[in-house]
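Just below is one structure, and these are the notes that go with it.
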Amino acid sequence: MKYALIGCGRVAPSHIKAAQLNEIEIVALCDIDYNKAVSFAKEQRLQNVNIYADYKELLEKEELDFVSIATVSGTHGEIATYCAEQGVNFLVEKPMAMSIAEADAIIAAAEKTGVVAGVCHQNRFNIAVQELKRAVDNNRFGKLSHGSIHVRWFRDEGYYKQDDWRGKWALDGGALMNQCIHGIDLLRWIFGDEVESIYGVAKNQYHPYIEAEDIGVAVISFKNGAVATIEGTVNAVDNLEETLCVFGEEGMVRLGGMSANTVDVWQFKKPEQADEDRRFIEERAPNVYGNGHTSLFLDFKNAVSENRMPYIDLYAGKRAVETILAIYKSQKTGEKVALPLENFGTTDMI
């Protein structure tokens, strides 16, 4: 299976490693900084790969089974839509888009041409997360009461000064859209996706050199009656945790670690024999991206071969973006925001 990576930045090594572990042939790299792509190929010890500075030229000249898009967040929508229009299967990094309209355009283009398209919310493949989802689906919690996601990480001025797009409304968003979107995706997915309303606050406390927020908090009301809270920040003095909590009438679970990759609490009123092993899940990961890209790429490879939708599709990507945009809109208006959200994007915060 022939594959190309578009964007050779911070998350790119995770894509290359995932492709290699799944025996996917890497035929090309693309980055608007041609020399950066050349250097990246050397760092990753990639041989016989073609290098491009223009993704449109890449798609024109290469015969590909799929591409992954790991460029600046604000360019995801444009590139993903173009890939769909050209009939090229694609995986796009989070966030899939910066506005509802952009997300809808990607979905419409993909559905029109019938391409296989997905979004990199790789933490869904965490062992601990999969066990939690299975428990929810098997109704082990009974009626869900409430839950929370806490993403408490650290990003300093040096991080934001690496690239001039970081922290800009048009190209990035803030802590919620960049760092916390994976946890927000998990929260909404675990609680059944259907949201009634969101009330949120987003502020910039310590990072005056960026446009967007460094702390965001919100309350989500789900249509199934459950409620949940979000706390996402880069204001911790070090990367502390990504913690997901679920409380139901029959049990409670807390996932922790740096990216919801460990089980801190696993307790049910009616224990199962396997629960003892679940209490000790601790999936080691080299960084905050976790190990999920490998499983993500395997599923996507199989989806292309089988001509089916991937495990994490474009609608999942849109729901994560929609949740964050609703928090932004609530901050802007000072009011509770009803979902589904229409016609709002990060640039509305400028």
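Odds and ends about this structure:
- Acute angle (nearest 10 degrees) that the helix 100-113 long axis makes with the longest principal axis of the chain, alpha-carbon atoms: 60 degrees
- Qualifying lysines (Cα of each under 20 Å from Cα of Lys94; at least 8 residues distant if same chain): Lys17, Lys168, Lys301, Lys318, Lys329
- Dipole moment magnitude, nearest 20 debye, region 46-125 about Cα centre, only Lys, Arg, Asp, Glu C-beta charged: 280 debye
- Magnitude of the charge dipole, region 217-350, Cβ model with Lys/Arg +1 and Asp/Glu -1, debye to 20: 380 debye
- 0 to 90° range, to nearest 10: angle between helix 292-306 axis and the chain longest Cα axis: 60 degrees
- Taking Phe141, Phe297, Phe125, Phe280 and counting other C-beta atoms within 10 Å, the order from fewest to most: Phe280, Phe125, Phe141, Phe297
- For the pair Glu250 and Tyr315, a Förster radius of 35 Å applied to the C-beta separation gives a FRET efficiency near 0.75, rounded to the nearest 0.05.
- Sites Asp277 and Lys2 - FRET efficiency at Förster radius 35 Å, r taken between beta-carbons, to 0.05: 0.30
- Selection from Ile312, Ser148, Leu5 lying farthest towards where the dipole of the chain points positive, charges on Cβ: Ser148
- Of interest is the spacing of the C-alpha centroids, which for region 156-202 and region 275-350 amounts to 10 Å.
- Taken as Cα centroids, region 69-90 and region 227-255 sit 32 Å apart, rounded to the nearest whole angstrom.
- Taking 13 Å as the straight-line reach from the Cα of Lys112, the aspartates and glutamates in range (excluding those fewer than 8 positions away in the same chain) are Glu85, Asp104.
- Sequence ranges 178-186, 150-158, 128-136, ranked by mean other-Cβ count within 10 angstrom, highest first: 178-186, 128-136, 150-158
- Of all beta bridges that DSSP places with both ends in the chain, some 60 percent have antiparallel geometry.
- Per-peptide packing, taken as the mean over residues of other Cβ atoms within 10 Å, places 161-173, 329-341, 93-105, 265-277 in the sequence 93-105, 161-173, 329-341, 265-277 from highest down.
- Between Leu21 and Lys203, residue separation times 0.36 nm minus the direct Cα-Cα distance comes to 61.5 nm.
- Calculated FRET value between Asp164 and Asp137, using beta carbons and R₀ = 51 Å, to 0.05: 0.70
- Candidate cross-link partners of Lys161 among the aspartates and glutamates, defined by an alpha-carbon separation under 20 Å and a same-chain spacing of 8 or more, comprise Asp31, Asp33, Asp172, Glu211, Glu213, Asp214, Asp238.
- Were the residues from Lys336 through Lys270 laid out at 0.36 nm apart, the gain over their Cα-Cα distance would be 20.0 nm.
- Sequence-distant residues sharing a close amide H with Ala260 (under 5 Å, placed H): Glu242
- Relative to the longest principal axis of the Cα atoms of the chain, the long axis of helix 181-190 lies at roughly 50 degrees.
- Packing-based exposure ordering (other Cβ within 10 Å, fewest first) of Leu64, Leu314: Leu64, Leu314
Values quoted throughout were computed directly from the atomic coordinates according to the rules given, and no laboratory measurement underlies them. Everything quoted here is computed from the prediction, not taken from an experiment. Note: ideal-geometry Cβ built from the backbone for every residue, glycine included; neighbour counts use all protein chains shown.
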